[in-house]
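A quick write-up on the structure given underneath.
The values are calculated or read from the model by the stated rules, or taken from the named source; none is laboratory data. What you see is a predicted model; the values in this text were computed from it and never measured. No Cβ is skipped: glycine too gets one built from the backbone with ideal geometry, and neighbour counts run over all protein chains shown.
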Amino acid sequence: MSTLTDRTIEALRLNRDDLADRVRRFTASDLDRKSGSSQWDVAQVLSHLGSGAEIGLEGARRALSGQGSPAQDFNQSVWDRWNAMSQQQKAEGFLQSTEALLSTYEAMDAHTRDSLKFDLGFLPAPVGLDVLTGMRLNEALLHAWDVRVAFDPQDSIPGSLAEVLVEQLSGPVSFFLRFLGKPAVLNGLELELQVDTTDPEGRLGLWIAESVSIVQAPTAAEDVLLMPTEAFVRLLSGRLSPEHTPETVHLASSRVTLDDLRGLFPGF
């Protein structure tokens, strides 16, 4: 039986290969297009994904060889080098570094996937590959959408991949919701919002209080949000603006509006 880590690596591969096929066909003007990320063009999104993959690969290599974390200035040196690249170099670098990272994950046997630990420096303790790949999937799915939506305003994230990310956000990387959600904008409102998802179908709860969390087995709630699974993950990442909201999204609540929820999740 495949584990969540296995399914996450498979989702990363599907997402990466689809985006890579598109990137290989991009022209110079395509790379200059404004992306779905408010401050970046397409090449800058690819640079973010590519530099992150390079940093992740160095961390994986060190963990596999028992060398510990990279030097404190390693990440900044990678970012500086990628920032200095041309638009085309960023695209080519994305193809190379994301393939190298995924090939490294895929080559790990089951024991290594279960036992390997990574010291990321900004978390209180080393984490497993489930957390590391969950963090990567959150970035990779949403930023791939940022690229695709530059060419198709109606683009969506494949539901099967969004489902894996929801499982990660309600499990190994649930701490992400502390950064994604800003409940102070709701002025102390507390509620459990029932979220009924489609494609694939599911039900979960979004608990909103001093922090935000996902509840996998919610109690029946008077506030109900119906939406595709992919739209839910875009909501959590600040990518469900009115122009990118499917017609099938429906909120039944007397306490919050869809705009309130958009404000709760301003995005990254």
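Which of the residues spanning segment 125-172 are of a type in the set (S, T, Y) and buried (at least 23 other Cβ atoms within 10 Å of the Cβ)? Across segment 125-172, the qualifying residue is only T133.
When we screen S254, S156, S213 for residues that are in a strand (DSSP E or B) and either at positive phi or of a type outside the set (V, I, T) (or both), the only hit is S213. Only one entry of E222, E247 meets the criterion of being closer than 21 Å to A150 by Cα, over 19 Å from the mean Cα position of the chain (by Cα) and either assigned to a loop (DSSP other than H, G, I, E, B) or without any contact (Cβ under 8 Å) to a residue 40 or more places away in the chain (or both), and that entry is E247.
Any residue in segment 126-136 that is within 29 Å of E58 (Cβ to Cβ) and in a loop (DSSP other than H, G, I, E, B)? Yes, because at least one residue in segment 126-136 is within 29 Å of E58 (Cβ to Cβ) and in a loop (DSSP other than H, G, I, E, B).
Can you tell me which of F179, F175 is part of a helix (DSSP H, G or I), of a type in the set (F, W, Y) and out of contact with any Leu (no Cβ under 9 Å at 6 or more places or on another chain)? Working first, answer last.
On the way: F175 fails: out of contact with any Leu (no Cβ under 9 Å at 6 or more places or on another chain).
Within the list F179, F175, the selection yields F179.
Residues of segment 225-244 that are surrounded by 16 or more Cβ atoms within 10 Å (Cβ to Cβ) and in a loop (DSSP other than H, G, I, E, B): S237, G238, R239, L240.
Condition check ((1) among the polar types (S, T, N, Q); (2) modelled with pLDDT under 95; (3) more than 30 Å from D130 (Cα to Cα)) across all residues:
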{"position": "I157", "(1), (2), (3)": "no, no, no"}
{"position": "L161", "(1), (2), (3)": "no, no, no"}
{"position": "F179", "(1), (2), (3)": "no, yes, no"}
{"position": "Q216", "(1), (2), (3)": "yes, yes, no"}
{"position": "A220", "(1), (2), (3)": "no, yes, yes"}
{"position": "L225", "(1), (2), (3)": "no, no, no"}
{"position": "R239", "(1), (2), (3)": "no, no, no"}
{"position": "E247", "(1), (2), (3)": "no, no, yes"}
